[in-house]
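Let me begin by presenting the structure, written as structure tokens, before commenting on it.
The values are calculated or read from the model by the stated rules, or taken from the named source; none is laboratory data. Everything numeric in this text was worked out from a predicted model, so none of it was measured. Here the Cβ positions follow ideal geometry from the backbone for every residue, glycine too, while neighbour counts run over all protein chains shown.
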Amino acid sequence: MLTKLLHRIFYKTLQCKILQNICRQGKSCLEFSKLSNCSKLHSGCSVYQLHPPKLFAASESLLQTPDTMEDKVDVTEVSEGLAKVMLPSSVFYNPVQEYNRDLTVAIISEFSSESFQNLNQRKTENGAAANNETSDQAIPLESGKFYENGISIFEGLAASGLRSVRFGLEIPGVREIIANDFDKNAVSFIERNIQKNGVHHIVKARHGDAAMGMYEHRNENDRFDVIDLDPYGSPTIFLDAALQAVKDGGLLCVTCTDAAVLCGNAPEKCNANYGSVSLRSKFCHEMGVRIILQCLDSHANRYSRYIVPLISLSVDFYFRVFVRVYTGQKQVKHSSTKRAMIFECVGCGAYMIQPMAEALPTKGEGNFKFVPGSGPVAQQLCQHCHHKHRMGGPIWSAPIHDKEFVRRVINRVQAGSQTFHTADRIVGMLSVVLEELPDVPMYYVLDAVCGVLHCTPPNMKVFRSALLNGGYRVSLSHAAKNSYKTDAPPGFIWDVMRAWVKNNPVSEKRLTPGSAAKNILEQQQTHEVSFTEHADANPRSREKGMLRWQTNPEPYWGPKARAKRGHNEDLVAKQLANQGKTKKYKEDIFDSNGKKLNIDQTSEEKVKM
Ligand SMILES: C[S@@+](CC[C@H](N)C(=O)[O-])C[C@H]1O[C@@H](n2cnc3c(N)ncnc32)[C@H](O)[C@@H]1O
Ligand SMILES: [Zn+2]
């Protein structure tokens, strides 16, 4: 009787919530579904991490091999790029990361082509051409083919091997790819997927710890051309090995899905993992990228090595950086000048970059003396709103992209010799990257600036025009939609806003004594401000209508939980029972203002972009 009553109440409320996509109450949902055998409720549950609806609910083909039969595991066949792979529910797969994989294939392909060009150039310089040796350059590089002089790739955390199989099928000029995982079950699927896709001549499965796999290759002659790390959460435990096992001039590709830690939700954890204190600020997405880069560089420095970032991105719920690693003690000295702290005002959000060190030229070309950075760049209290500053960092303060390389990747994707499902977004996002001011770390978010003053925001072109008319540069950041990177000082930005509120007044009620708004608006405007539309007010990528930010790729997108063996229902029950008992940083997603969102809010926000 009671069960029936509960069923009626829960069924109605939960179904309604499910339909609105805000079901965060899977616990009652599942418990009730158990009680009442109500599978309808259960299958509608939108606890996305536990029920990726496409993948587990409706397997296209149910393959039962001896291993999988043992566990009664559903195996789905998934096509991505040129690969078709078998995926059991016990091995990790996140369809939304197709963008990550497409982008990586494009970038490594470009890297590989360049490596061959350099090789040929060296051969020519050494007189190989004179000896009638065939040049590889004469023959276009092909994918899926073994090249004696080709590149070697180590994928440390390969799961099903989908990424490595795609590398084998799609990247030209490859000698060897090692797809490694420490999960035996995953490795058995890597092996099957290698066979299924006919890439056994270049892709090899390895069973073992990723760090050990890389340490085995740290001798100069055994190093990899490319290392790809795509772990659960933070990659930091693999970095010491990775920075030693990649060749001089080699490429390191790293994913971090612990966005909440890097975006300031747990600054102490960020310091423990990355050696840097993150800030939960408006610019947290770029700060995350820069914390990762400084962490990679400091690991490299221990071995007389340094990094040169090629492309460094904040994407959806994760970060993905591509850096080249070089050896050279002289350049390592400059690393201290590429690190900085950030002071951010807690009242108005104005921020200042505090360099850690400076390089002063001394006698002789290319010689420098290195001295500690002078400062502090910030006063005790903010000169605009009289509130305190907080300090974060260190961050990487040098450029985060190599624009020449970015251009070549865009050309490659546009040329269409490789076809990517997410090509439009790669081109769109990298076009914004090309527009980014390279020498201006971080950005302001206009809604947040206006939020400080409680005023209505000017239109994007109006605000950009005011900065440009003032003689300053301005660009978007790929990391946030409503972002403004500018070399205009905070004093000028507040003058622009003072001029704006003259015609768009703020309610007196909002100007409480001591508030940032009152303190800022009480000060006189000291710069001329013109809102006349400037010729460069509209960013080119916007003018061309490019796909620059993520639209909602599927109903329940986001980071996925670790894959676990065992029956899926049990896994769901266990995870649901634990929900809310521990802090799950990797589930947190932030909007461009640094505000924590739940997954459904995120979907809606992202659609609006
Ligand atoms: C996020 S998944 C990798 C996804 C994959 N790169 C892709 O694109 O689909 C992480 C994988 O790392 C594996 N793993 C975790 N720690 C490891 C370690 N120390 N050594 C090797 N593999 C590890 C897990 O078994 C899991 O399969
Ligand atoms: Zn302030």
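Need pairs with beta-carbon distance below 6 Å; first residue closer than 15 Å to H299 by Cα and in the same structural domain as L162 (by TED's automatic domain parsing) and within the range 230-241, second within 11 Å of ligand 1 (Cβ to nearest atom) and assigned to a helix (DSSP H, G or I); sequence gap 6+ or separate chains.
That search, which allows pairs on different chains as well, returns F238/A210; F238/A211; A241/A211; A241/M214.
Among what's in the range 186-230 and is surrounded by 17 or more Cβ atoms within 10 Å (Cβ to Cβ) and either of a type in the set (F, W, Y) or at pLDDT below 95 (or both), pick the residue that is nearest to ligand 2 (Cβ to nearest atom).
Only one residue tops the list, namely F224.
crowded, with 21+ Cβ neighbours inside 10 Å, of a type in the set (G, A, S) and more than 14 Å from I395 (Cβ to Cβ): does that describe A359?
When the stated conditions are applied, A359 does not pass them.
Just checking, which of L251, L239, L296 is part of a helix (DSSP H, G or I) and surrounded by 24 or more Cβ atoms within 10 Å (Cβ to Cβ)?
From the options L251, L239, L296, the qualifying one is L296.
Among the residues in the range 154-162, are any modelled with pLDDT of 95 or more, assigned to a helix (DSSP H, G or I) and either β-branched (V, I, T) or under 28 Å from the mean Cα position of the chain (by Cα) (or both)?
Yes; the residues of the range 154-162 include at least one that is modelled with pLDDT of 95 or more, assigned to a helix (DSSP H, G or I) and either β-branched (V, I, T) or under 28 Å from the mean Cα position of the chain (by Cα) (or both).
For the range 189-233, what are the residues that are in contact with a strand residue (DSSP E or B) (Cβ under 8 Å, 6 or more places away or on another chain) and of a type in the set (F, W, Y)?
F189, F224
So for the range 536-557 (the condition being touching a Phe, Trp or Tyr at 6+ places or on another chain (Cβ under 7 Å) and either within 30 Å of I426 (Cα to Cα) or modelled with pLDDT under 95 (or both)), does at least one residue qualify?
The answer is yes; a qualifying residue exists.
Quick one: in the range 494-540, of everything that is among the polar types (S, T, N, Q) and part of a helix (DSSP H, G or I), which residue is nearest to ligand 1 (Cβ to nearest atom)?
Looking at the filtered set, the residue picked out is N519.
Given the residues C345, C382, which is the only one that is within 16 Å of ligand 2 (Cβ to nearest atom) and closer than 17 Å to V277 by Cα?
The conditions single out C345.
For T236, are the conditions met, namely being within 23 Å of F182 (Cβ to Cβ), β-branched (V, I, T), at pLDDT 95 or above and out of contact with any strand residue (DSSP E or B) (no Cβ under 8 Å at 6 or more places or on another chain)?
Yes; evaluated as a whole, the condition is true for this residue.
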